[in-house]
Amino acid sequence: MSFVWGLLYGTGAVILIAGGAVVGVWWERKVSARIQLRLGPQQLGPAGSLQMLADVPKLLFKEDVVPASADRLLFRYAPLAVFAPIAMSLAVIPFWAGWAPLDSAAGVLFFLAVPSISVLGILFSAWGSHNTLATLGGVRAAAQMVSYEVPRALAVLSVVVLGGSLQPSELMDAWRWWWIPVTLLGFGVYFIASIAEMNRGPFDLPEAESELVAGYFADYSGIRWAVFMMAEYGAMIASALFGAALFFGGFMWLPGVAGLAVHIGIAALIITAVMWVKWTFPRLRQDQLMTFCWTVLTPLALVQLVLAVVVALWL
Amino acid sequence: MSAHDLAVASAAALVLAGAAGTALARSATRLVLSLGAFLLGVALCFLALGSPLLAAAQVFVYIGGVLVLVLFALMVVGRGDGESPRVESRHDPGAALVALGLFVVLAIVTPKRPSGIAPPEMVSPLAVADVLLGSGIVAFELAGVLLLAALLAVLVIVKSGGER
Amino acid sequence: MSAECRTVVNVGPSHPSTHGVCRVLVELDGEIVRRAEPIIGYLHRGIEKMAENRSYLQVVPLTDRLDYVGSMYANWAYCRAVERLAGIRVPERAEYIRVIVCELQRIASHMMSIGSTGADTGAFTAFMYAFNQREQVVDLFEALSGSRLTYNYVRPGGVGADLPEGWVERCREFVAQHPAAMMEIDDLLFGNVICRARTKGIGVLTPHDAIGWGASGPVARGSGVDWDLRRDDPYSVYPRLDFTVPLGERGDCYDRGRVRLWECVESCRIVTQALDQLEPGPVQAEGLPRLLAPRPGDAYDHIESARGSLGVYLVSDGSVRPYRMHVRSPAFANLALLPMLAEGHTLSDLVVVLGSLDPVFGEVDR
Amino acid sequence: MILTVACAGAFALGVYAVLVRREIIGILAGAELMLGAAAVQLLVAGSGEFAAGASSFGLILLVVAAAEAVVGLALIVTAYRRAKRSRIEEFGEVSG
């Protein structure tokens, strides 16, 4: 029975991410166009909203090129290894009072742990491509994603300390509105570290197009490339939904379906902010990226953790 | 055979297959893939044994951390010629005999749980925290000290290597 | 350390940040560039040789293809050499128009450079803002010459055509809004903390090296070398115009970028003054034959292009075709600095350094 | 039962890898096999009333093993950068 449920859930997650990616790409094109004095897509459908209907078949029908010198096994399945963990991480997001698709006792840890598997996929694709630029991108990705997991986990931990549980549903039951000011710093850290985790600007060094062309997915085309893109948007959606729940209460503001709408609304705002940051800031350099993580972000996360502990003890 | 037994059996199979691949693989790619399978199998074992906390920690620390670092080291060490680095073994009947003997001894002497019993109770993270911060506080603190020592050791190693 | 593990990376010839077709052979130690060697010639079309088989007027379109980001400069430098060779006097209105279009061209070219500084550091939005300005200049040029990239506008003896009706007003409108737009781009790009961190202290060129390696234009001025042909070897009507030459202090990528930015603002001042002083009159020297055949001899003349001192050397054997043409390309001399400036920085910085030298490979390879 | 046998097998394979591998990364992987197998066996043995204690000790084991792996990898990379070799027998020649 749980097996059937798992299959259903998996299909749902893939559909959610694919749909989210389609909407997200359109939205990103519109947002970036507004920021850049442009109009963005406007020919197909109202405000170009059907543009992705033209883009998706293009990606599907593109030739699936595997470089002759690539490690075929790694090259072919690396995109899935990047995508699958991110789809899995959606499972522990609390969408409803007392309910998450997988309401595990270690759910919050699960959300932090599982997406980190996708680093392996990135490394496999970088290695499998047999391409110097891709390898450089992979090495950068490994260093970056392993490092930024630390402040991200610490930031989430401060909410866990307040709630006293790693179980998403229990945590949300304990959620109170005054957590927002207490964990605001933590949200800042979570937001920045999440951008680094999903390899988006200004932390998109692994795929920096100005020096590494496209880094670890430079050799990919067609549907496999699209899976990488879906993984990126999936990570953005998952991080935004999880952050909206933990740091802003998500569905707690209104009962029922309205609460879900509020949750998704907050997540959409977070996603828009992620895009805003990407299209405004230049890219960091590798050494600056690591220095920022260890000397700014991690200490800030620790300060937030201490603050949360003090508040939790005082209560 | 219940669903739980099936899960345990598949986790055990993953552990064994991954371990065999790790010990015997010739190319670094296969070694890392096998090690990943083994570590994932261990995480599944933890889950099947009722400790989701340990399973998540295993994934977080090992697959997201240590395995990535292994790959990282392989990429640093193995680049240049571009080929996936070979990981040579010097197969030795003596070593095989030692390992086989160890296996037999271990399989016999280690305490077992009778199979076919109901899935174990889930261990809640709170219970683990009680133990770690209660009777296990010394071990917990020692682990922290060890981590700090490891961090310093790595810094010293890398720095001394960089100067030369 | 004898056994460093080095990776060799080919940046180019087809690569997003080489600003054309250049290949930089980079030896990396981790992320650090140990050696960067630009390999040029991918865009070599033999323009100097082709010029030997065309009449003097027919060479002008060839010079368009040298620096395709700033065609007006090569047009003008070539025309000045021809005029010196054949002793042609250019009407005053034509000289003013030349100054106006070349200063506009400086803005257009610097916009490309500043925009790609943004693109090289990953700030694509700054690129779009810069190109918005560049497009307006290109629109002005299109009204003037009919094309948007290779204008073929400055001709021996004058310019191709007089200013069309309403052009002066459009031009005034553009230069009136441009300084404010520049401030906005400055704020967006060089005011950004990440961009500062990415460009300050990167690729430092000392004034001594700048002079020694023959650097010119914003690259030399970014290092504080106070050298501008418009002022120091005055030509055309520049002595009648009031402008300052912006200088950098540290000679890093940041200073080179800022110098370009301020040059754009100064160009606006020059254009405004030139428009004010513009008098009606002919735009072509009268009595020029269809086929120029200067007396045997040689001539060299240079102007300050957006990239530096652009010189053209012509030898005539008395026939209707140049016997020999040689172009002194500032981009070529500036590009030679790349190995020195990039060494010891990271791969990401190499891209920024290359962008700050602003090479145009049509001119480097010729 | 199944788990115990699998763990014993994994542990023995780890010992074998440590004994026969020539590449340091291979040896390190063998050590990881042993530690992982031991951790699972710990949880098998400590089920029932000791479950929480076993989990806690498993967590500490995890930390220790991770620290070991990271120090080992740092040694590998540094040694490689210094001497450009990563095979175990070649280290006899390295001095200082």
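A few comments on the model shown:
- Label-point separation in nm, B:A17 to C:S147, each point 7 Å along Cα→Cβ: 6.5 nm
- Karplus-derived 3J(HN,Hα), 6.51/-1.76/1.60, for each residue of the stretch B:32-46, Hz, glycine and proline x: 5, 4, 5, 4, x, 4, 4, 5, 5, x, 4, 4, 5, 4, 4
- Lys/Arg +1, Asp/Glu -1 at C-beta; chain C dipole; positive extreme among C:L62, C:F124, C:L189: C:L62
- Distances between placed amide hydrogens fall under 5 Å for C:R35 paired with C:E27, all partners being 5 or more residues away or on another chain.
- One decimal place: the segment A:L53-A:R34 gains 4.7 nm when fully extended, by the rule 0.36 nm per residue minus the C-alpha distance.
- If you take all other residues with their beta carbon under 11 Å from the beta carbon of C:H345, and give Lys and Arg +1 and Asp and Glu -1, the sum is -2.
- Charge dipole (debye, nearest 20) of the stretch C:213-359; +1 at Cβ of Lys and Arg, -1 at Cβ of Asp and Glu: 400 debye
- Simple label model, 7 Å out from Cα along Cβ direction - A:L44 to C:R172, nm: 4.7 nm
- One Cα centroid belongs to the stretch C:44-123, the other to the stretch C:148-185; the line between them spans 14 Å.
- All other residues whose Cβ lies under 14 angstrom from that of A:Q43 are scored, Lys and Arg at +1 and Asp and Glu at -1, for a net of +2.
- Unit charges on C-beta of K, R, D, E only; dipole of the stretch A:1-133, Debye: 380 debye
- Cβ-based net charge around C:D317, under 13 Å, with every Lys or Arg adding one and every Asp or Glu removing one: +1
- Of A:P101, A:M275, A:Q43, farthest towards positive along the dipole that unit charges on Lys, Arg, Asp, Glu beta carbons give the stretch A:2-314: A:Q43
- Distance between the 7 Å Cα→Cβ label points at B:I108 and A:A312: 4.9 nm.
- Chain A, helix-only ellipticity at 222 nm - DSSP H runs n ≥ 4, -39,500 (n - 2.57), divided by all residues, nearest 500: -22500 deg cm²/dmol
- The sum of -39500 (n - 2.57) across all DSSP H runs of n ≥ 4, divided by the residue count of chain C, sets its helix-only mean residue ellipticity at 222 nm to -14500 deg cm²/dmol.
- The P(r) of the protein assembly as shown has a tail past 51 Å containing 31 percent of all C-alpha pairs.
- Close amide-amide hydrogen proximity is noted between C:S305 and C:L310, each under 5 Å apart and 5 or more residues distant or on a separate chain (H modeled in the peptide plane; Pro and chain starts excluded).
Coordinate-derived values only; no laboratory data. Every value quoted in this text rests on a predicted model; they were computed, and no experiment measured them. Don't worry about glycine lacking a Cβ; one is built from the backbone with ideal geometry, like all the others, and counts go over all protein chains shown.
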